[in-house]
Amino acid sequence: MTRHGTSALQICAAGLALLLSAGGAAAQQMGADTAARAGTLPQTSGPEARRLTLEQAIQIAMQNNPALKQSQANLDQSRYQRLAAYGNFLPSVNASYGYSNSSSARLDVTQQSLTTTSYSFQLSGSYDLFTGLRRFDQMRAANLGVQAQEASYRESRYQTLLDVKTAYYNAVANRDLVSVQAATVQRQQDQLNFVRQQLQLGRSTRSDLLSSEVDLNNAKLALLNAQNSARASTFQLAQALGVDQRVAPVAEATLQIDSLSYDRLQLQQMALARAPSVQSAKASAQAAQAQVSAAKSSYLPNLTFSGGWAWQNTTFPPENRSWSLRLQGSIPLFNGFQRESQLFEAQAQADVAQAQERSAELALRTNVDNAYNQVQTAISGGDLAQKSVELSQENLRVTQERYRLGLATILDLQQAQINLQQAQVNLVQRKFDYQIGLAQLEALLGGGLPAATTAMGGNTSEVSRVMEGDGK
């Protein structure tokens, strides 16, 4: 090699050393800035979030959730419609009265005199003796309509329960992820100190030190992102509860994985028997069919009985009194195809309702199967994730020792850190998936699953008691 070539290599090496030194200083400065920002984040996070248990959150949501209030209003409306259907079986009674006074006299036939004033009062009533069975069909349709709305309201309640649980468990999961990222930052800090010691002993390189500093900065940035996600989840929980103040889970709230004491076939059968979505669709289909029968009654004759009592005279109180009774019937012969149009429309709506009932059953089977698969996958994956955490912790310990002895590189150490962090994140995700899958099953079935545990470690009967005890 020539002297110029050797000098060129020395210059390149010197320049590279300067670049690495500048990069190390920048990385150290970035780490300090990141640490400062991470340390000041809690102080600038605004008012403290309100701490609630899951049961408390559910009670608040049942009182404030807008969608649930809308469903309650629909239920109340259907009940008043049923009241009107019952009223068709009652007679109608009317009262009318009148007084007149004019500047010109007129002849009163009853008194054979001229008068300028007159008084009248009439009480009349009528009752439909026969309406072609239309009233019975309307009453049946109204009762079925109430049943459909009650099932729909129950479905809304459990959908609200699912939304609250999802937001609550998401807040717990994000809080756990903050702990995972905080532990990662601590491990990266320990790794940086360890690499710095190894560099002083001549067992490491400057590149290893810079890589450790970059890893520490990345871990701090990930911690900031996790903290932001955790804060955002408190607003999402407040939205699910219908309140303005941020809401966070209590410190004792944890995500757990338990066994599921039902198989796929049992859950399918339970869902088809009691699922609010299917019950609502079935009642709506039956109500639509009753409306078809009511439309057909327009081809049958009607019979009405009516009567009245009247007082009328030119002086008060009136002395001329009269009464009347009437029995009147009608047979519809032709009304411009209006009956046919109404019957066709009712039949079309009944066909649509039956199709929706079938669609609800198919969707229920699919959703129950998906939720069951999610729960089972979370149970199996939770065991694997827990083992992976333990193995990753041991692998990190072994890799650190091998790095100390010079048998492993900084890349091996970084990969061991990444594997441990990913294993911990996977464990949190599996716990979250289990609780969400379980909540989905409860929402689809319209009731809690006996012997299943919630994220608080309590029995689902406690949540069911909150559901049943909150205003019907």
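Pairs meeting the criteria (first residue in region 430-441 and under 14 Å from residue 174 (Cβ atoms), second residue assigned to a helix (DSSP H, G or I) and polar (S, T, N, Q), beta carbons under 7 Å, at least 6 apart or on different chains) are 436/166. Can you confirm whether region 247-265 contains a residue that is part of a loop (DSSP other than H, G, I, E, B) and at positive phi? Within region 247-265, none of the residues are part of a loop (DSSP other than H, G, I, E, B) and at positive phi.
Residue check: is residue 160 buried (at least 22 other Cβ atoms within 10 Å of the Cβ), of a type in the set (Val, Ile, Thr) and assigned to a helix (DSSP H, G or I)? Yes. Taking the stated definitions as given, is residue 332 surrounded by 13 or more Cβ atoms within 10 Å (Cβ to Cβ), at pLDDT below 90 and either more than 53 Å from the chain's Cα centre (by Cα) or in a loop (DSSP other than H, G, I, E, B) (or both)? Judged against the criteria, residue 332 is a match. Kindly indicate whether residue 355 is buried (at least 16 other Cβ atoms within 10 Å of the Cβ), at pLDDT 85 or above and either within 30 Å of residue 266 (Cα to Cα) or under 42 Å from the mean Cα position of the chain (by Cα) (or both). Taking the combined requirement at face value, the residue does not satisfy it. Scanning region 376-424 for residues that are surrounded by 15 or more Cβ atoms within 10 Å (Cβ to Cβ), more than 45 Å from the chain's Cα centre (by Cα) and among the hydrophobic types (A, V, I, L, M, F, W, C) gives 408, 410.
When residue 194 is tested against the conditions (1) of a type in the set (A, V, I, L, M, F, W, C); (2) in contact with an Asp or Glu (Cβ under 7 Å, 6 or more places away or on another chain); (3) at pLDDT below 90, the lone failure is (2). What number goes with the only condition from (1) more than 23 Å from residue 429 (Cα to Cα); (2) in contact with a strand residue (DSSP E or B) (Cβ under 6 Å, 6 or more places away or on another chain) that residue 234 does not pass? Evaluating residue 234 over (1) more than 23 Å from residue 429 (Cα to Cα); (2) in contact with a strand residue (DSSP E or B) (Cβ under 6 Å, 6 or more places away or on another chain) leaves (1) as the failure. State all residues of region 296-329 that are farther than 21 Å from residue 92 by Cβ and either at pLDDT 85 or above or of a type in the set (Ser, Thr, Tyr) (or both); if no residue qualifies, say none. Selection gives 296, 299, 314, 315. The requirement of being of a type in the set (A, V, I, L, M), at pLDDT 85 or above and over 45 Å from the mean Cα position of the chain (by Cα) is fulfilled somewhere in region 78-97, by at least one residue.
Among residues that are among the acidic types (Asp, Glu) and either at pLDDT 95 or above or not in a helix (DSSP H, G or I) (or both), residue 213 is not included.
Among the numbered conditions (1) of a type outside the set (Ser, Thr, Tyr); (2) closer than 30 Å to residue 361 by Cβ; (3) assigned to a loop (DSSP other than H, G, I, E, B); (4) touching a Ser or Thr at 6+ places or on another chain (Cβ under 8 Å), the only one that residue 240 does not meet is (3). Just to verify a result, which residue in region 233-251, among those that are among the aliphatic types (A, V, I, L, M) and farther than 14 Å from residue 176 by Cα, is nearest to the chain's Cα centre (by Cα)? Filtering region 233-251 for residues that are among the aliphatic types (A, V, I, L, M) and farther than 14 Å from residue 176 by Cα, the one nearest to the chain's Cα centre (by Cα) comes out as 240. For residue 249, the conditions (1) buried (at least 18 other Cβ atoms within 10 Å of the Cβ); (2) within 22 Å of residue 436 (Cα to Cα); (3) at pLDDT below 90 are fulfilled apart from (3).
Scanning region 203-252 for residues that are among the charged types (D, E, K, R) and either more than 20 Å from residue 64 (Cα to Cα) or without any contact (Cβ under 8 Å) to a residue 12 or more places away in the chain (or both) turns up 203, 206, 208, 213, 215, 220, 231, 244, 252.
The values are calculated or read from the model by the stated rules, or taken from the named source; none is laboratory data. From a predicted model like this one, the values you see are computed outputs, not experimental measurements. With ideal geometry, Cβ positions are generated from the backbone for all residues, glycine too; neighbour counts draw on all protein chains shown.
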